[in-house]
There are 2 protein chains.
Amino acid sequence: MESKRVMATYLVETPHALERAAQAIAGEQSTGTFTAVPGETESLKERYGARLERVTALDEVRQPSLPGAKVPPSHNGVYTRGEVVVSFPLHNFGPSIPNLMAAVAGNLFELRELSGLRLMDLELPEEFAERYPGPRFGIEGTRRLTGVEGRPIIGTIVKPSVGLGAEELGALVYELALSGLDFIKDDELNADPPYFPLREKVETVMKAINRASDRTGKRVMYAFNITGDIGDLRRNHDTVVQAGGSCVMVSINSIGLAGLAYLNGFSEVPIHGHRNQWGMLTRHGLLGMSFTAYQKLCRLAGADHLHVNGLSSKFYESDESVVRSVQNCMKPLLGGYGTMPVLSSGQWAGTAEITYERTRTVDVMHLAGGGILAHPEGPAAGVESMKQGWEAAVRGIPSGQFAMTHLALKQAIDKFTK
Amino acid sequence: MESKRVMATYLVETPHALERAAQAIAGEQSTGTFTAVPGETESLKERYGARLERVTALDEVRQPSLPGAKVPPSHNGVYTRGEVVVSFPLHNFGPSIPNLMAAVAGNLFELRELSGLRLMDLELPEEFAERYPGPRFGIEGTRRLTGVEGRPIIGTIVKPSVGLGAEELGALVYELALSGLDFIKDDELNADPPYFPLREKVETVMKAINRASDRTGKRVMYAFNITGDIGDLRRNHDTVVQAGGSCVMVSINSIGLAGLAYLNGFSEVPIHGHRNQWGMLTRHGLLGMSFTAYQKLCRLAGADHLHVNGLSSKFYESDESVVRSVQNCMKPLLGGYGTMPVLSSGQWAGTAEITYERTRTVDVMHLAGGGILAHPEGPAAGVESMKQGWEAAVRGIPSGQFAMTHLALKQAIDKFTK
């Protein structure tokens, strides 16, 4: 019986004929080596070989995007770009994310037949769904736990991101919890620091949250950054859950997709997936991976929430790219694997308008650090301004106009656009 | 008391003044956010802030290396490159590789103040040595287990890399084990495939190895690729060790540094570290990470063997870069953490000469797949040719000359240089 196949789509740049470069990809990643070896029979190649499915020429350039491509003697100075689809028999590696990566990425980025390579997309057979349960909470579970419907989950990040002691953090979280926020997270720079270990941080934060909820009846969700070595993940998770915490956060690229899948195997609360270090893998357009491929892997491995940057952010990424990321997260994967996109970085009330205009969804987490904490009237007004920003956006009222009758929004605009 | 500090060296490219870009790096990765927030006091910044240690201007270019940098209104069209050293207080994250990565890499690659960023080196305080025991075998332990002294460990990779069944693999390993090889490894594409599960593969391979060692008295080391999800690592390791196997292999970037450190916590045999997917992180010179930084992390996490490509390889990497990688691996890290560099890719007897000439060491593993398996007189002659190639190299005799009196080497030269 023919094995099911994984389809991988690449953006390729090469000084060779595109077809030849595509064959190099398929050969390297299955039965081949640099010279013919005994045993590499036609029937073995047929059954186990990667297969070139489609080659589509795109544009041509005169400068190689990456160093080290070996140009053929007849080279005319042109580097051809194209989209290449290669399929891999699933029975070569089975539904295993770590071994999938060795096949679809592996040594390909080092091939000297290529002057550019980017993994653009992956199509995975349903066997992956049997192996990886994926997010247990996603959008629906997060809404249930936070009690927020019909609008984004409004959140903030503890700032300053490092350096707060128990007293300051307790006071800050208490104030934030009273402010009407739905969600607070640790910064990715703050996990389990020696000066204030996670165990004590959890105790301090949960005390503040409980104290506030006694007054308001609302219990803010706090994503404790439990990033650490594999053994830390279970211990830290248990520390959070036993204290009544309702969310854990990890730096996905620090613990690896394997670490994420491991955590997802036992986590009793949503996993807030931070993608720091992702820039390394994606910022150059002819290298690494697109978010389209990456988010599928993160969802499969169990990220209930997944960072996508924000519109008008402080980072290099274009708004168009961020919008595409949100849309990617919304598309069902193997029939499900819902994750909640997290908009963050340079966000404040005024970014709600463009965010909704471009994405047309409220099923996002919208996080503002300074945008809430540095609101001139304090965090409660910061939260209020975010809600007003979203109300205006969803109702299609320009935020400047809405601000005329909504003070918190007006104050935010005055402060953050001056 | 002042905290110990991690020193990170970056290659930076920016449309701004270099100093300003460097400040953006230090700010983003410690106490800052996009706007001043309450609580970010001077004493907090002093105690927890990242600190700019040194800024050295290098050259200037007219084209940004990476997209998305925001040029200042006054921009004169020049992008400045420089070396920037930033230090981070250890007490912000402690001796934890996953949290170290969030600090020294984190969101930095996404900063729009930069048009290029590469992590070049890391200096770590000794607290990391207390937390991570590192390789338990390294060069010495691998020599002990293989019984090889005074020359490289000669090895091969099972090829075809995928598709062999029990019968073919058993026969191949038996032949290879008789051939005088020191080391055999699975290909990174072949771990625990559904068509031939690891458990059965281990049984098949160990039977062949034992049968051969009954005849020769020598027991070849076989690196079983145990790459998989976190739960698989322990199970697979135990399968190998219980069957008498003496080495396990992992795709480091598939299981993550955290996965590697986890495996190292219990592995009873050397860990053969394959770096596939590394190209994604390093091929562009103004993005990602240099091998100098990466190999420190891999050694800390416990790689007893570490792939470095080979000289005259089939990949894009220059020989100069490969030589530097070997030299990097040789330098003590925190007083130890020895790893054995693994030369691989397009290797055969003829690459010994340049390898020794450039590295002046025999403390390497030298792996040839096709270079041994496709030797015209078979694998035993392939192995013999590798040993002859190294003998000539170490004795300073040109391999062409040595080949006149050494048939296996001559046959290899005839085949692989035609």
Problem set entry | Peptide-level mean, for A:187-198, of C-beta atoms on other protein chains within 10 Å | 6
Seminar exercise, completed: Sparse-neighbourhood loop hits (GluC sites (Glu not before Pro), the stretch B:259-340; DSSP loop; Cβ within 10 Å at most 15 others) -> B:268
Exercise. How crowded by other chains is B:284-290, given as the mean number of beta carbons from other chains within 10 Å of each beta carbon?
Worked result: 5
Exercise. How high is the relative contact order of chain B, given as a whole-number percent (alpha carbon pairs under 8 Å, six or more residues apart)?
Worked result: 15
Problem set entry | Whole-angstrom gap from the stretch B:366-418 to the stretch A:108-147, using each part's C-alpha centre | 45
Exercise. For chains A and B related by rotation, which residue of A has the Cβ nearest the axis, and what is the rounded distance in Å?
Worked result: A:256, 1
Exercise. Which entries in the list B:387/B:418; A:45/B:201; A:185/B:296 go over 23 Å, if you measure between the two C-alpha atoms of each?
Worked result: A:185/B:296
Exercise. Counting DSSP beta bridges with both partners in the protein assembly as shown, what percentage is antiparallel, nearest 5?
Worked result: 55
Exercise. If eta is 1.306 mPa s and T is 10 °C, what Stokes-Einstein diffusion coefficient results for the protein assembly as shown, Kirkwood Rh from Cα pairs, in µm²/s?
Worked result: 57
Problem set entry | Highest-first arrangement of A:283-289, A:125-131, where packing means the average Cβ count within 10 Å | A:283-289, A:125-131
Exercise. In degrees between 0 and 90, to the nearest 10, how far off the longest principal axis of chain B does helix B:252-264 point, with axes built from Cα atoms?
Worked result: 80
Seminar exercise, completed: By the mean-Cβ-within-10 Å protection proxy, highest first, A:40-50, A:108-118 rank as A:108-118, A:40-50
Problem set entry | Simple spin-label estimate for residue A:414 and residue A:199 in nanometres, 7 Å along Cα-Cβ | 4.8
Exercise. Using a Förster distance of 51 Å, how high is the FRET efficiency between residue A:51 and residue B:56, based on the Cβ-Cβ distance and rounded to 0.05?
Worked result: 0.55
Exercise. Helix B:166-178: angle to the longest alpha-carbon principal axis of chain B, degrees 0 to 90, nearest 10?
Worked result: 80
Exercise. If you count, for every residue in A:158-169, the Cβ atoms of partner chains within 10 Å of its Cβ, what is the mean?
Worked result: 6
Problem set entry | Inverse mean reciprocal Cα-Cα distance (Kirkwood Rh) of the stretch A:5-131, Å | 15.2
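Readers should treat all values here as calculations from the given coordinates under stated rules, not as data from a laboratory. If you're wondering where the values come from, they're calculated on a predicted model, not measured in any experiment. Because the Cβ atoms are built from the backbone with ideal geometry, glycine has one as well, and the counts that use them run over all protein chains shown.
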